[in-house]
Each structure stands twice: as C-alpha cells, then as structure tokens.
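To start, the structure under review is shown below, and the notes come after it.
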Amino acid sequence: MKKRVIVSVFAILSIMLVPACGRKDEIYEVPDLSQYKTDYVGDSSNVIKIVSGQDYPEGYEYDSIEIQSESEPYGLTVFLKVEPSASGSEDELQVNADITFVLIGNLGTLDYKSADSQEIIASYER
C-alpha cells in the first residue's frame with residue numbers, strides 16, 4: 001500500500017512539474033533612463049533616449065520629438081502614435097511627464113501630441 005501511495009504521489013508531482021519545466025516566463029527589464037539625465041533639453045541625443053525609452057500607457061507609442069530651445073521656458077513636444085483604444089486621458093501620461101521633467105534639467109514645458117493629427121493629447125509645465 002505504501003509503495004502504491006508513493007508511486008501515485010510521484011506520478012502526480014511529475015505531471016505537475018513537466019509542464020512547468022517547459023514554461024518560460026518573459027522577464028521585462030525597465031531600462032535605466034537615469035544614465036541619460038541631462039541639464040539641457042537641447043541635448044537631443046539624450047532627450048531622445050529618455051522619451052523613446054519610456055513605457056507609455058496602452059494605446060500610445062513613441063514616434064518623434066520637437067525641441068523648443070530658442071527661448072525660455074524651454075519646451076519639448078513628444079509625438080506619439082495613438083491607437084484607437086487609447087483613452088485620451090491627460091492623466092495617463094502624468095508619469096511619463098514626471099520622469100521626463102526629472103531627467104531633463106531645464107525643461108519648462110512638455111506637450112504630447114498625436115503624430116498623425118498633431119492634436120495635443122496632454123500638456124504639462126514644471
């Protein structure tokens with residue numbers, strides 16, 4: 001009887017473990033954007049890395065930027081590809097704006113616009 005119970009337990013454990021061995025969970029690492037921190041919005045290389053390396057809310061994807069560095073307040077426009085499923089809520093991009101302001105020292109204004117329609121999605125000031 002003991003032998004039968006041990007074999008049964010072993011069989012159940014084997015059935016449970018075999019599928020788990022073949023399963024590969026994807027691990028997503030968030031890039032360390034702090035390495036691109038800059039004092040100047042005119043540092044286009046680092047600014048592009050900062051805004052393109054962020055995770056955007058569902059329905060938004062980075063497309064391009066436009067820098068306004070002629071006079072203060074210095075500004076940045078981030079153009080996003082917008083899926084129909086995007087809610088269009090300004091609050092959705094607040095985290096992205098916060099990250100961008102922290103990493104770009106002299107950034108005064110930040111606009112997110114639709115890459116297709118050029119419509120403003122959200123605007124923020126430091």
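Brief remarks follow.
- Considering the conditions (1) of a type outside the set (A, V, I, L, M); (2) part of a helix (DSSP H, G or I); (3) modelled with pLDDT of 70 or more, residue 62 is excluded by exactly one of them, (2).
- Residue, least open to solvent (accessible area, probe 1.4 Å), within region 43-59, restricted to residues that are assigned to a helix (DSSP H, G or I) and under 17 Å from residue 121 (Cβ atoms): 51
- Candidates 80, 76, filtered to the one that is at pLDDT 95 or above, open to solvent by less than 20 Å² (accessible area, probe 1.4 Å), assigned to a strand (DSSP E or B) and under 17 Å from residue 37 (Cα atoms): 76
- Matching residues in region 90-126 - criterion: being over 20 Å from residue 71 (Cα atoms) and either surrounded by 17 or more Cβ atoms within 10 Å (Cβ to Cβ) or touching a strand residue (DSSP E or B) at 6+ places or on another chain (Cβ under 6 Å) (or both): 90, 92, 93, 96, 97, 99, 113, 114, 115, 120, 121, 122
The values are calculated or read from the model by the stated rules, or taken from the named source; none is laboratory data. Everything quoted here is computed from the prediction, not taken from an experiment. Cβ sites come from the backbone with ideal geometry, for glycine too, and all protein chains shown count toward neighbours. Note: areas computed on protein heavy atoms with side chains; ligands, DNA, RNA excluded. Shrake-Rupley method; radii C 1.70, N 1.55, O 1.52, S 1.80 Å.
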